[in-house]
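The values are calculated or read from the model by the stated rules, or taken from the named source; none is laboratory data. It should be emphasised that the depicted structure is a prediction, and the values quoted were computed from it without experimental measurement. Note that each Cβ is placed from the backbone with ideal geometry, even for glycine, and that neighbours are counted across all protein chains shown. Areas reflect the complete protein model, heavy atoms only, side chains present, ligands, DNA and RNA absent. Shrake-Rupley method; radii C 1.70, N 1.55, O 1.52, S 1.80 Å.
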Amino acid sequence: MLMWLSVKERTSHLIHFYPAKLLRHIPYFFLNNSFFSSPGDIVLDPFCGSGTVLLEALLAGRNAIGADINPLGCLISRVKTTQIDESKMRKTIKNIKSKISEYPGTIELYIINLEYWFYPRIIEQLKRILEAVTFITDTKLKEFLLVCFSNCLRRVSLADPILYVPVKLNIHKYPKEHSLYKKVNERLDYLSKVNVFDEFFKLVNENLERIVDLNKCSRNDISTTVLCADARNLILNTEGNDILQSESIHLVITSPPYAGAQKYIRSTRLHLSWLRLCTSLKISELERTIIGREHYRKAEYSKLVELGFDDLDKRIEHLYKINPIRAYIIGNYIKEMRDVFIETKRVLKKDGYLILITASNYVCGEEFETHVYLTRILESIGFIVVLVLIDDIRSRGLMTKRNRTANIITREWVIVLKKIAYK
Ligand SMILES: C[S@@+](CC[C@H](N)C(=O)[O-])C[C@H]1O[C@@H](n2cnc3c(N)ncnc32)[C@H](O)[C@@H]1O
(Lines give C-alpha, C1' and ligand atoms only; values in the text may rest on other atoms or scores of the structure.)
Protein backbone atom coordinates (compact mmCIF):
# COMPACT_ATOMS: atom_id res chain seq x y z
CA MET A 1 0.00 0.00 0.00
CA LEU A 2 1.42 3.37 -0.99
CA MET A 3 0.71 5.10 2.31
CA TRP A 4 1.97 8.52 1.28
CA LEU A 5 -0.34 8.76 -1.74
CA SER A 6 -3.18 9.78 0.51
CA VAL A 7 -1.21 12.29 2.55
CA LYS A 8 -0.57 15.86 1.47
CA GLU A 9 3.08 16.23 2.31
CA ARG A 10 6.11 14.21 1.17
CA THR A 11 9.58 15.41 2.16
CA SER A 12 10.27 18.76 0.47
CA HIS A 13 7.58 18.96 -2.25
CA LEU A 14 5.81 21.85 -0.49
CA ILE A 15 8.92 23.92 0.22
CA HIS A 16 7.68 26.73 -2.05
CA PHE A 17 4.59 27.43 -4.20
CA TYR A 18 4.96 27.25 -7.98
CA PRO A 19 2.45 27.82 -10.78
CA ALA A 20 1.22 24.74 -12.70
CA LYS A 21 3.08 22.24 -10.54
CA LEU A 22 2.92 18.66 -11.69
CA LEU A 23 0.91 16.19 -9.62
CA ARG A 24 3.73 14.29 -7.91
CA HIS A 25 1.94 10.93 -8.25
CA ILE A 26 2.60 10.94 -12.01
CA PRO A 27 6.44 10.86 -11.78
CA TYR A 28 6.16 8.55 -8.76
CA PHE A 29 4.22 6.04 -10.88
CA PHE A 30 6.77 6.07 -13.71
CA LEU A 31 9.87 6.11 -11.49
CA ASN A 32 9.13 3.34 -9.04
CA ASN A 33 9.47 0.35 -11.33
CA SER A 34 12.27 -1.12 -13.42
CA PHE A 35 10.41 -0.92 -16.73
CA PHE A 36 11.17 2.69 -17.63
CA SER A 37 14.42 3.12 -15.67
CA SER A 38 16.65 1.38 -13.12
CA PRO A 39 18.20 2.69 -9.89
CA GLY A 40 21.23 4.83 -10.70
CA ASP A 41 19.92 5.80 -14.18
CA ILE A 42 19.66 9.44 -15.26
CA VAL A 43 16.23 11.05 -15.57
CA LEU A 44 15.73 14.39 -17.32
CA ASP A 45 13.00 17.00 -16.96
CA PRO A 46 13.70 19.78 -19.50
CA PHE A 47 10.88 21.92 -18.00
CA CYS A 48 11.60 21.13 -14.36
CA GLY A 49 9.83 24.18 -12.83
CA SER A 50 9.98 23.69 -9.07
CA GLY A 51 11.50 20.21 -9.33
CA THR A 52 8.62 17.76 -8.75
CA VAL A 53 10.13 15.18 -11.13
CA LEU A 54 13.64 15.76 -9.78
CA LEU A 55 12.60 15.12 -6.19
CA GLU A 56 10.64 11.98 -7.09
CA ALA A 57 13.65 10.76 -9.08
CA LEU A 58 15.93 11.34 -6.11
CA LEU A 59 13.55 9.49 -3.78
CA ALA A 60 13.37 6.62 -6.26
CA GLY A 61 17.18 6.35 -6.37
CA ARG A 62 17.59 7.85 -9.86
CA ASN A 63 20.04 10.62 -10.76
CA ALA A 64 18.26 13.59 -12.21
CA ILE A 65 18.90 16.57 -14.45
CA GLY A 66 16.40 19.40 -14.66
CA ALA A 67 16.37 22.50 -16.83
CA ASP A 68 14.23 25.60 -16.63
CA ILE A 69 14.38 29.11 -17.95
CA ASN A 70 12.98 30.59 -14.73
CA PRO A 71 15.79 31.21 -12.17
CA LEU A 72 13.28 30.99 -9.31
CA GLY A 73 12.21 27.52 -10.46
CA CYS A 74 15.89 26.52 -10.65
CA LEU A 75 16.53 27.81 -7.12
CA ILE A 76 13.52 25.97 -5.67
CA SER A 77 14.49 22.78 -7.53
CA ARG A 78 18.02 22.91 -6.13
CA VAL A 79 16.87 23.49 -2.55
CA LYS A 80 14.11 20.91 -2.82
CA THR A 81 16.63 18.21 -3.72
CA THR A 82 19.58 19.22 -1.53
CA GLN A 83 20.38 17.55 1.78
CA ILE A 84 21.60 19.97 4.45
CA ASP A 85 23.17 19.06 7.74
CA GLU A 86 20.48 19.50 10.40
CA SER A 87 22.70 20.83 13.18
CA LYS A 88 24.28 23.38 10.82
CA MET A 89 20.83 24.55 9.80
CA ARG A 90 19.66 24.91 13.40
CA LYS A 91 22.82 26.75 14.43
CA THR A 92 22.61 29.24 11.53
CA ILE A 93 18.91 29.88 12.09
CA LYS A 94 19.48 30.50 15.80
CA ASN A 95 22.30 32.86 14.98
CA ILE A 96 20.29 34.91 12.47
CA LYS A 97 17.32 35.02 14.80
CA SER A 98 19.33 36.50 17.62
CA LYS A 99 20.79 39.25 15.41
CA ILE A 100 18.02 39.98 12.93
CA SER A 101 17.00 43.36 14.29
CA GLU A 102 20.61 44.56 14.31
CA TYR A 103 20.84 44.53 10.53
CA PRO A 104 20.34 48.11 9.23
CA GLY A 105 18.19 47.08 6.25
CA THR A 106 20.06 49.37 3.88
CA ILE A 107 20.43 46.77 1.14
CA GLU A 108 19.98 48.30 -2.35
CA LEU A 109 17.06 46.90 -4.32
CA TYR A 110 15.69 47.84 -7.73
CA ILE A 111 12.09 46.73 -7.62
CA ILE A 112 9.46 48.44 -9.74
CA ASN A 113 6.46 49.68 -7.70
CA LEU A 114 7.80 48.21 -4.46
CA GLU A 115 5.54 50.39 -2.27
CA TYR A 116 2.54 49.37 -4.35
CA TRP A 117 3.00 45.74 -3.30
CA PHE A 118 4.22 46.07 0.31
CA TYR A 119 3.57 48.33 3.29
CA PRO A 120 6.70 50.42 4.17
CA ARG A 121 7.12 48.73 7.58
CA ILE A 122 7.06 45.33 5.87
CA ILE A 123 9.65 46.44 3.29
CA GLU A 124 11.93 47.54 6.11
CA GLN A 125 11.69 44.15 7.91
CA LEU A 126 12.09 42.20 4.68
CA LYS A 127 15.26 44.13 3.87
CA ARG A 128 16.78 43.21 7.23
CA ILE A 129 16.05 39.52 6.68
CA LEU A 130 17.50 39.64 3.19
CA GLU A 131 20.61 41.35 4.49
CA ALA A 132 21.07 38.68 7.16
CA VAL A 133 20.69 35.91 4.57
CA THR A 134 23.06 37.63 2.15
CA PHE A 135 25.88 37.41 4.72
CA ILE A 136 25.71 33.60 4.93
CA THR A 137 28.65 32.04 3.15
CA ASP A 138 27.49 28.40 2.95
CA THR A 139 25.68 28.23 -0.44
CA LYS A 140 23.31 25.41 0.52
CA LEU A 141 22.16 27.21 3.67
CA LYS A 142 21.91 30.54 1.92
CA GLU A 143 19.77 29.12 -0.89
CA PHE A 144 17.58 27.31 1.63
CA LEU A 145 16.95 30.58 3.48
CA LEU A 146 16.37 32.46 0.23
CA VAL A 147 13.62 30.00 -0.64
CA CYS A 148 12.06 30.61 2.80
CA PHE A 149 12.39 34.35 2.27
CA SER A 150 10.75 34.09 -1.15
CA ASN A 151 7.83 32.17 0.35
CA CYS A 152 7.54 34.82 3.04
CA LEU A 153 7.20 37.55 0.37
CA ARG A 154 3.98 35.95 -0.77
CA ARG A 155 2.65 35.87 2.80
CA VAL A 156 3.25 39.56 3.44
CA SER A 157 2.60 41.25 0.11
CA LEU A 158 -0.52 43.15 -0.85
CA ALA A 159 -1.09 40.77 -3.76
CA ASP A 160 -4.17 38.58 -3.60
CA PRO A 161 -2.85 35.30 -2.10
CA ILE A 162 -5.21 33.10 -4.10
CA LEU A 163 -3.99 34.31 -7.49
CA TYR A 164 -0.67 33.33 -9.04
CA VAL A 165 -0.24 36.44 -11.17
CA PRO A 166 0.00 39.38 -8.72
CA VAL A 167 -3.20 41.42 -8.47
CA LYS A 168 -3.39 43.94 -5.63
CA LEU A 169 -6.02 43.37 -2.96
CA ASN A 170 -8.77 45.90 -3.36
CA ILE A 171 -11.36 46.37 -0.63
CA HIS A 172 -13.53 48.54 -2.90
CA LYS A 173 -13.99 45.75 -5.40
CA TYR A 174 -16.78 44.09 -3.40
CA PRO A 175 -19.92 45.40 -1.70
CA LYS A 176 -19.75 45.28 2.12
CA GLU A 177 -22.12 42.33 2.36
CA HIS A 178 -20.02 40.17 -0.04
CA SER A 179 -18.08 37.31 1.62
CA LEU A 180 -14.89 38.37 -0.17
CA TYR A 181 -15.15 41.87 1.31
CA LYS A 182 -14.70 40.31 4.75
CA LYS A 183 -11.77 38.19 3.57
CA VAL A 184 -9.94 41.12 1.95
CA ASN A 185 -10.59 43.21 5.03
CA GLU A 186 -9.16 40.50 7.30
CA ARG A 187 -6.12 40.13 5.10
CA LEU A 188 -5.42 43.88 5.08
CA ASP A 189 -5.86 43.98 8.82
CA TYR A 190 -3.39 41.08 9.22
CA LEU A 191 -0.87 42.87 6.96
CA SER A 192 -1.12 46.04 8.99
CA LYS A 193 -0.02 44.15 12.12
CA VAL A 194 2.11 41.25 10.90
CA ASN A 195 5.56 40.77 12.30
CA VAL A 196 7.56 39.73 9.25
CA PHE A 197 10.39 38.25 11.34
CA ASP A 198 7.92 35.89 13.05
CA GLU A 199 6.39 34.88 9.71
CA PHE A 200 9.81 34.26 8.22
CA PHE A 201 11.06 32.08 11.08
CA LYS A 202 7.79 30.15 11.09
CA LEU A 203 8.36 29.30 7.43
CA VAL A 204 12.02 28.52 8.10
CA ASN A 205 11.04 26.01 10.80
CA GLU A 206 8.44 24.35 8.57
CA ASN A 207 10.96 24.03 5.73
CA LEU A 208 13.67 22.83 8.09
CA GLU A 209 11.44 19.85 8.99
CA ARG A 210 10.97 19.17 5.28
CA ILE A 211 14.72 19.09 4.68
CA VAL A 212 15.22 16.88 7.74
CA ASP A 213 12.72 14.48 6.17
CA LEU A 214 14.54 14.69 2.85
CA ASN A 215 17.86 13.93 4.57
CA LYS A 216 16.35 10.69 5.90
CA CYS A 217 15.00 9.57 2.51
CA SER A 218 17.67 10.53 -0.01
CA ARG A 219 20.89 8.71 -0.82
CA ASN A 220 24.38 10.14 -1.05
CA ASP A 221 25.26 8.20 -4.19
CA ILE A 222 22.47 9.88 -6.16
CA SER A 223 22.88 13.34 -7.67
CA THR A 224 20.55 16.04 -8.95
CA THR A 225 21.71 18.75 -11.33
CA VAL A 226 19.69 21.82 -12.19
CA LEU A 227 20.48 23.74 -15.36
CA CYS A 228 19.23 27.28 -15.85
CA ALA A 229 18.80 26.59 -19.53
CA ASP A 230 16.39 26.64 -22.44
CA ALA A 231 14.84 23.23 -23.11
CA ARG A 232 15.73 23.71 -26.79
CA ASN A 233 19.41 23.91 -26.02
CA LEU A 234 20.46 21.91 -22.97
CA ILE A 235 23.70 23.64 -22.05
CA LEU A 236 25.66 22.84 -18.91
CA ASN A 237 27.24 26.25 -18.37
CA THR A 238 26.22 29.86 -18.93
CA GLU A 239 28.85 30.35 -21.66
CA GLY A 240 26.99 27.65 -23.59
CA ASN A 241 30.16 25.87 -24.71
CA ASP A 242 29.37 22.65 -22.86
CA ILE A 243 26.21 20.82 -23.84
CA LEU A 244 24.43 17.89 -22.25
CA GLN A 245 25.95 14.79 -23.81
CA SER A 246 24.02 13.02 -26.60
CA GLU A 247 22.36 9.71 -25.66
CA SER A 248 23.20 10.20 -21.98
CA ILE A 249 19.65 10.15 -20.57
CA HIS A 250 17.70 6.98 -19.71
CA LEU A 251 14.26 8.51 -19.19
CA VAL A 252 12.57 11.88 -19.75
CA ILE A 253 9.53 12.91 -17.72
CA THR A 254 8.16 16.37 -18.34
CA SER A 255 5.11 18.63 -18.22
CA PRO A 256 5.79 21.42 -20.71
CA PRO A 257 4.22 24.87 -20.45
CA TYR A 258 0.81 25.23 -22.06
CA ALA A 259 0.19 27.36 -25.11
CA GLY A 260 -0.98 30.77 -23.91
CA ALA A 261 0.44 30.37 -20.39
CA GLN A 262 3.16 33.01 -20.48
CA LYS A 263 2.71 33.77 -16.80
CA TYR A 264 5.55 31.70 -15.34
CA ILE A 265 7.82 34.71 -15.27
CA ARG A 266 5.17 37.34 -14.57
CA SER A 267 3.77 35.43 -11.61
CA THR A 268 7.24 35.20 -10.05
CA ARG A 269 8.44 38.69 -11.03
CA LEU A 270 8.41 40.11 -7.48
CA HIS A 271 10.34 37.11 -6.17
CA LEU A 272 12.91 37.31 -8.96
CA SER A 273 13.52 40.99 -8.20
CA TRP A 274 13.69 40.65 -4.41
CA LEU A 275 16.06 37.69 -4.63
CA ARG A 276 18.10 39.59 -7.22
CA LEU A 277 17.91 36.61 -9.53
CA CYS A 278 17.00 38.85 -12.44
CA THR A 279 17.07 42.53 -13.41
CA SER A 280 13.89 44.05 -14.92
CA LEU A 281 15.58 44.04 -18.31
CA LYS A 282 16.48 40.36 -18.01
CA ILE A 283 12.91 39.56 -16.91
CA SER A 284 11.57 40.93 -20.21
CA GLU A 285 14.23 38.96 -22.06
CA LEU A 286 13.22 35.76 -20.23
CA GLU A 287 9.55 36.34 -21.05
CA ARG A 288 10.47 36.22 -24.72
CA THR A 289 12.02 32.76 -24.34
CA ILE A 290 9.05 31.22 -22.51
CA ILE A 291 7.45 28.61 -24.70
CA GLY A 292 3.70 29.19 -25.00
CA ARG A 293 3.97 32.95 -24.39
CA GLU A 294 1.12 35.20 -25.49
CA HIS A 295 2.75 38.49 -26.32
CA TYR A 296 4.07 38.99 -29.81
CA ARG A 297 4.76 42.01 -31.97
CA LYS A 298 2.48 42.62 -34.92
CA ALA A 299 5.33 41.94 -37.35
CA GLU A 300 5.68 38.46 -35.84
CA TYR A 301 2.06 37.36 -35.90
CA SER A 302 1.36 38.75 -39.33
CA LYS A 303 3.08 35.61 -40.67
CA LEU A 304 1.29 32.28 -40.85
CA VAL A 305 3.12 29.48 -39.03
CA GLU A 306 3.61 26.41 -41.21
CA LEU A 307 4.65 23.09 -39.73
CA GLY A 308 4.60 20.78 -42.73
CA PHE A 309 1.63 18.64 -41.68
CA ASP A 310 -1.35 19.16 -44.00
CA ASP A 311 -4.14 18.93 -41.43
CA LEU A 312 -2.28 20.98 -38.81
CA ASP A 313 -1.35 23.69 -41.31
CA LYS A 314 -4.96 23.86 -42.55
CA ARG A 315 -6.16 24.14 -38.96
CA ILE A 316 -3.79 27.01 -38.23
CA GLU A 317 -4.78 28.74 -41.47
CA HIS A 318 -8.44 28.39 -40.48
CA LEU A 319 -7.74 29.90 -37.02
CA TYR A 320 -5.68 32.65 -38.63
CA LYS A 321 -8.75 33.85 -40.50
CA ILE A 322 -10.64 34.14 -37.19
CA ASN A 323 -7.87 35.58 -35.02
CA PRO A 324 -4.28 35.95 -36.31
CA ILE A 325 -2.68 36.36 -32.86
CA ARG A 326 -4.29 33.26 -31.36
CA ALA A 327 -3.37 31.28 -34.49
CA TYR A 328 0.21 32.48 -34.18
CA ILE A 329 0.43 31.67 -30.44
CA ILE A 330 -0.64 28.06 -30.95
CA GLY A 331 1.34 27.61 -34.20
CA ASN A 332 4.54 29.03 -32.75
CA TYR A 333 4.06 26.96 -29.58
CA ILE A 334 3.97 23.75 -31.64
CA LYS A 335 7.00 24.92 -33.64
CA GLU A 336 9.03 25.68 -30.50
CA MET A 337 7.99 22.39 -28.91
CA ARG A 338 9.30 20.63 -32.01
CA ASP A 339 12.73 22.15 -31.27
CA VAL A 340 12.47 20.89 -27.68
CA PHE A 341 11.63 17.38 -28.92
CA ILE A 342 14.60 17.37 -31.28
CA GLU A 343 16.88 18.28 -28.37
CA THR A 344 15.17 15.69 -26.14
CA LYS A 345 15.70 13.04 -28.75
CA ARG A 346 19.37 13.99 -29.04
CA VAL A 347 20.08 13.47 -25.35
CA LEU A 348 17.86 10.42 -24.84
CA LYS A 349 19.37 6.96 -25.20
CA LYS A 350 18.13 4.66 -27.94
CA ASP A 351 15.03 2.76 -26.69
CA GLY A 352 14.68 5.33 -23.89
CA TYR A 353 11.21 6.54 -22.89
CA LEU A 354 9.71 10.00 -22.91
CA ILE A 355 6.73 10.59 -20.62
CA LEU A 356 4.93 13.72 -21.77
CA ILE A 357 2.20 15.30 -19.68
CA THR A 358 0.20 17.72 -21.79
CA ALA A 359 -3.28 19.14 -22.26
CA SER A 360 -5.56 20.28 -25.06
CA ASN A 361 -6.40 23.96 -25.51
CA TYR A 362 -9.35 26.02 -26.61
CA VAL A 363 -8.41 28.40 -29.38
CA CYS A 364 -10.96 30.82 -30.83
CA GLY A 365 -13.72 28.89 -29.07
CA GLU A 366 -12.67 25.57 -30.63
CA GLU A 367 -10.95 22.66 -28.97
CA PHE A 368 -7.38 22.42 -30.24
CA GLU A 369 -5.98 18.93 -29.65
CA THR A 370 -2.43 20.00 -28.74
CA HIS A 371 -1.59 16.50 -27.47
CA VAL A 372 -2.48 15.00 -30.86
CA TYR A 373 -0.28 17.43 -32.78
CA LEU A 374 2.63 17.15 -30.35
CA THR A 375 2.43 13.36 -30.68
CA ARG A 376 2.41 13.68 -34.48
CA ILE A 377 5.60 15.73 -34.34
CA LEU A 378 7.26 13.27 -31.98
CA GLU A 379 6.37 10.39 -34.29
CA SER A 380 7.83 12.27 -37.24
CA ILE A 381 11.21 12.66 -35.54
CA GLY A 382 11.65 9.08 -34.31
CA PHE A 383 9.38 8.27 -31.36
CA ILE A 384 6.55 5.75 -31.14
CA VAL A 385 3.58 5.95 -28.78
CA VAL A 386 3.33 3.06 -26.34
CA LEU A 387 0.66 4.22 -23.94
CA VAL A 388 -1.78 7.10 -23.49
CA LEU A 389 -3.42 7.88 -20.13
CA ILE A 390 -5.94 10.62 -19.33
CA ASP A 391 -6.00 12.54 -16.07
CA ASP A 392 -8.68 14.96 -14.88
CA ILE A 393 -7.05 18.17 -13.70
CA ARG A 394 -8.26 19.31 -10.32
CA SER A 395 -6.08 22.26 -9.44
CA ARG A 396 -3.09 23.53 -11.39
CA GLY A 397 -1.93 27.09 -10.77
CA LEU A 398 -2.43 28.74 -14.15
CA MET A 399 -5.72 27.12 -15.07
CA THR A 400 -7.68 30.30 -15.47
CA LYS A 401 -9.84 31.40 -18.32
CA ARG A 402 -7.29 33.53 -20.10
CA ASN A 403 -9.29 35.40 -22.68
CA ARG A 404 -12.70 35.47 -24.27
CA THR A 405 -11.98 32.65 -26.70
CA ALA A 406 -9.94 30.34 -24.47
CA ASN A 407 -11.59 27.94 -22.05
CA ILE A 408 -10.25 26.38 -18.87
CA ILE A 409 -8.18 23.27 -19.52
CA THR A 410 -9.69 20.38 -17.58
CA ARG A 411 -7.94 17.26 -18.85
CA GLU A 412 -4.37 16.30 -19.35
CA TRP A 413 -2.84 13.49 -21.31
CA VAL A 414 0.04 11.38 -20.10
CA ILE A 415 1.67 10.09 -23.27
CA VAL A 416 4.38 7.44 -23.08
CA LEU A 417 6.70 7.40 -26.08
CA LYS A 418 9.79 5.39 -26.96
CA LYS A 419 12.76 6.60 -28.98
CA ILE A 420 13.26 4.22 -31.85
CA ALA A 421 16.50 3.57 -33.62
CA TYR A 422 15.92 3.97 -37.32
CA LYS A 423 15.10 7.69 -37.72
C1 LIG B 1 4.19 23.30 -16.35
S2 LIG B 1 5.60 24.13 -15.72
C3 LIG B 1 6.54 22.80 -15.03
C4 LIG B 1 6.16 22.57 -13.60
C5 LIG B 1 6.99 21.48 -12.95
N6 LIG B 1 6.73 20.19 -13.50
C7 LIG B 1 6.71 21.49 -11.43
O8 LIG B 1 6.13 20.55 -10.94
O9 LIG B 1 7.04 22.50 -10.79
C10 LIG B 1 6.49 24.52 -17.17
C11 LIG B 1 7.85 25.15 -16.94
O12 LIG B 1 8.44 25.38 -18.21
C13 LIG B 1 9.33 26.47 -18.06
N14 LIG B 1 9.70 26.96 -19.39
C15 LIG B 1 8.99 27.69 -20.27
N16 LIG B 1 9.70 27.90 -21.39
C17 LIG B 1 10.88 27.27 -21.23
C18 LIG B 1 12.03 27.09 -22.05
N19 LIG B 1 12.13 27.65 -23.26
N20 LIG B 1 13.05 26.33 -21.56
C21 LIG B 1 12.99 25.78 -20.32
N22 LIG B 1 11.94 25.94 -19.49
C23 LIG B 1 10.90 26.66 -19.94
C24 LIG B 1 8.54 27.46 -17.21
O25 LIG B 1 9.42 28.38 -16.58
C26 LIG B 1 7.86 26.50 -16.22
O27 LIG B 1 8.63 26.39 -15.06
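Taking Cα centre as origin and charging only the Cβ of basic (Lys, Arg, +1) and acidic (Asp, Glu, -1) residues, the dipole magnitude of the chain rounds to 860 debye. Magnitude of the charge dipole for region 182-291, about its Cα centre and with charges confined to Cβ atoms of Lys, Arg (+1) and Asp, Glu (-1), is about 540 debye. Counting only chymotrypsin sites (Phe, Trp or Tyr not before Pro) that DSSP places in a loop and that have at most 12 other Cβ atoms within 10 Å, the longest clean stretch of the chain runs over 136-421. Taking every protein chain into account, the accessible area of region 44-128 amounts to 41 square angstrom per residue (probe 1.4 Å). Given only helices, namely DSSP H runs of n ≥ 4 each adding -39500 (n - 2.57), what is the per-residue ellipticity at 222 nm of the chain, to the nearest 500 deg cm²/dmol? Computed mean residue ellipticity for the chain: -13500 deg cm²/dmol. For region 185-282, the list of GluC sites (Glu not before Pro) that fall in a loop by DSSP and count at most 15 other C-beta atoms within 10 angstrom reads GLU239, GLU247.
Dipole of the chain computed with +1 at Lys/Arg Cβ and -1 at Asp/Glu Cβ about the Cα centre; of TYR190, TRP117, VAL156, farthest Cα towards the positive end is TYR190. Using a cut-off of 28 Å between Cα atoms, the listed pairs LYS21/LYS314; LYS173/LYS193; LYS303/LYS350 include LYS21/LYS314; LYS303/LYS350 as exceeding that distance. Our coupling estimate for region 247-260, obtained by passing each phi through the Karplus curve with A = 6.51, B = -1.76, C = 1.60 and θ = phi - 60°, is 6, 9, 10, 8, 8, 10, 10, 7, 10, x, x, 8, 5, x Hz, Gly and Pro reported as x.
Per-atom-type breakdown for the chain gives carbon and sulfur 53% of the accessible area (1.4 Å probe, protein chains only). For region 337-344, putting each phi into the Karplus relation 6.51 cos²θ - 1.76 cosθ + 1.60 with θ = phi - 60° gives couplings of 5, 4, 5, 5, 5, 5, 5, 4 Hz, in residue order, rounded to whole numbers and with x for Gly and Pro. Classify region 86-217: rounded, prolate or oblate, from the alpha-carbon gyration tensor (a ≥ b ≥ c, eigenvalue square roots; a/c under 1.5 rounded; otherwise prolate if a/b is larger than b/c)? Since a/c reaches 1.5 and a/b is larger than b/c, the shape of region 86-217 is classed as prolate. Placing +1 on each Lys and Arg Cβ and -1 on each Asp and Glu Cβ, with no other charges, gives region 86-217 a dipole about its Cα centre of roughly 220 debye.
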